[in-house]
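See below for the structure under consideration.
The values are calculated or read from the model by the stated rules, or taken from the named source; none is laboratory data. Fair warning: this is a prediction, and the values are worked out from it, not measured in the lab. Here the Cβ is made from the backbone with ideal geometry for all residues, glycine too, and neighbour counts use every protein chain on show.
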């Protein structure tokens, strides 16, 4: 659902696993040695007594539970993503005819065989597309045209097949220069690589909202919300309930509605999620859907849905906040659509853009400003 809930669920699994491991040990013999007398313990009462061995105190009555509650009520949780340069397939293996390649003016296509002087002509012989990207480079340059000199900051995707062929930074610079010549079709000068390798799942600050960088779509890059949402314990509990019901219903098509799921509670959750969308920081998010979701006609459409369809919509709204998966089609139930946020490769019109480099644990951060006040550049210790 979202990072904080996953983190807390993982913590509970560790606590429970530690208790079970301490009480029953890892020796299979301990599970069967007293089988003739039947099981001498109840799993329902494991946490109602002290659990320890010669090395570990796994559970102390009237003490450990308070420590668990303290951790569960703590929302100072650091969430990071694994960042890595893309490897693997160079492109989609589908072969495209020259006619289609010509229509796209060759943009986004590579030859069937680059070592063959004949087949490398993609406009005559076609090529592959959906080129997989290793990383992105951010460059600054001057564009010379009739209006004069224009300062541009742009993201340049670096395909895997190009990265594999690079022998030096000069090779990377030459590739970028060629790409800029093709993109602008006008003179460019003073090319500077501001950030060499922007990898997928890097933390970004874009117009003062944090995103996680994604892959390429046309001339844009995906940007998913990096913020974790904080909700009341009661609200979190109800969200877990409707998700469990949704999953159960998928396997029990003819199952009846659960007693603890209702239109009244669904509408309460709808309103609470909209409050989050309209809160200060989330209102800065790209493609914020608060205005559309808050319209009276949209609210009325939601009220008229069956409970099961309301749950589908609620999970989609939750996804608008957390961006944990590609938006689905369920918002159409209330006459809306949604898609992942995108940022154009040309960053020049942004007020602020920075890259936040994190340690694996998230304890340390370094913010590198690309656009905006460089006085904001900092190194943080979150420990």
Checklist entry - Quick check: anything in the range 129-139 part of a loop (DSSP other than H, G, I, E, B) and modelled with pLDDT under 80? => result yes
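Answer with yes or no whether residue 199 is surrounded by fewer than 17 Cβ atoms within 10 Å (Cβ to Cβ), within 30 Å of residue 360 (Cβ to Cβ), touching a strand residue (DSSP E or B) at 6+ places or on another chain (Cβ under 7 Å) and modelled with pLDDT of 90 or more.
Details: surrounded by fewer than 17 Cβ atoms within 10 Å (Cβ to Cβ): yes; within 30 Å of residue 360 (Cβ to Cβ): yes; touching a strand residue (DSSP E or B) at 6+ places or on another chain (Cβ under 7 Å): yes; modelled with pLDDT of 90 or more: yes.
Against the criterion (surrounded by fewer than 17 Cβ atoms within 10 Å (Cβ to Cβ), within 30 Å of residue 360 (Cβ to Cβ), touching a strand residue (DSSP E or B) at 6+ places or on another chain (Cβ under 7 Å) and modelled with pLDDT of 90 or more), residue 199 qualifies.
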Item to check | Within the range 207-244, tally of residues that are closer than 30 Å to residue 372 by Cβ and in a loop (DSSP other than H, G, I, E, B) | outcome: 9
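So that you can scan it fast, the table gives a plain yes or no per residue for (1) in contact (Cβ under 8 Å) with a residue 60 or more places away in the chain; (2) more than 21 Å from the chain's Cα centre (by Cα):
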residue	(1), (2)
229	yes, no
233	no, yes
238	no, yes
242	yes, yes
258	no, yes
261	no, yes
277	no, no
291	no, yes
Checklist entry - at pLDDT 80 or above and either assigned to a loop (DSSP other than H, G, I, E, B) or under 20 Å from residue 345 (Cβ atoms) (or both) - does that describe any residue in the range 109-123? => result no
Next on the checklist: Can you go through 254, 247 and tell me which one is in a helix (DSSP H, G or I) and out of contact with any helix residue (DSSP H, G or I) (no Cβ under 7 Å at 6 or more places or on another chain)?
Outcome noted: 247
Item to check | Residue identified as loosely packed, with under 10 Cβ neighbours inside 10 Å and at pLDDT 75 or above among 27, 13, 62 | outcome: 62
Item to check | Qualifying positions in the range 213-234 - surrounded by fewer than 17 Cβ atoms within 10 Å (Cβ to Cβ) and farther than 27 Å from residue 84 by Cβ | outcome: 230, 232, 233, 234
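Just checking, how many residues over the range 257-285 are part of a helix (DSSP H, G or I) and in contact with a strand residue (DSSP E or B) (Cβ under 6 Å, 6 or more places away or on another chain)? Step through it out loud before you land on a result.
Applying the first criterion (part of a helix (DSSP H, G or I)) to the range 257-285 yields 263-277, 282-284.
Retained after the next criterion (residues that are in contact with a strand residue (DSSP E or B) (Cβ under 6 Å, 6 or more places away or on another chain)): 284.
Residues in the range 257-285 being part of a helix (DSSP H, G or I) and in contact with a strand residue (DSSP E or B) (Cβ under 6 Å, 6 or more places away or on another chain): 1 in total.
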Checklist entry - For the range 308-366, what are the residues that are farther than 21 Å from residue 215 by Cα, surrounded by 17 or more Cβ atoms within 10 Å (Cβ to Cβ) and in contact with a strand residue (DSSP E or B) (Cβ under 7 Å, 6 or more places away or on another chain)? => result 365
Next on the checklist: So in the range 30-57, with the set limited to residues that are at pLDDT 80 or above and assigned to a loop (DSSP other than H, G, I, E, B), which one is surrounded by the fewest Cβ atoms within 10 Å (Cβ to Cβ)?
Outcome noted: 55
Checklist entry - For the range 154-174, how many residues meet the condition of being in a helix (DSSP H, G or I) and buried (at least 18 other Cβ atoms within 10 Å of the Cβ)? => result 4
Next on the checklist: Against the condition at pLDDT 90 or above, loosely packed, with under 13 Cβ neighbours inside 10 Å and closer than 18 Å to residue 345 by Cβ, how does residue 151 come out, does it pass?
Outcome noted: yes
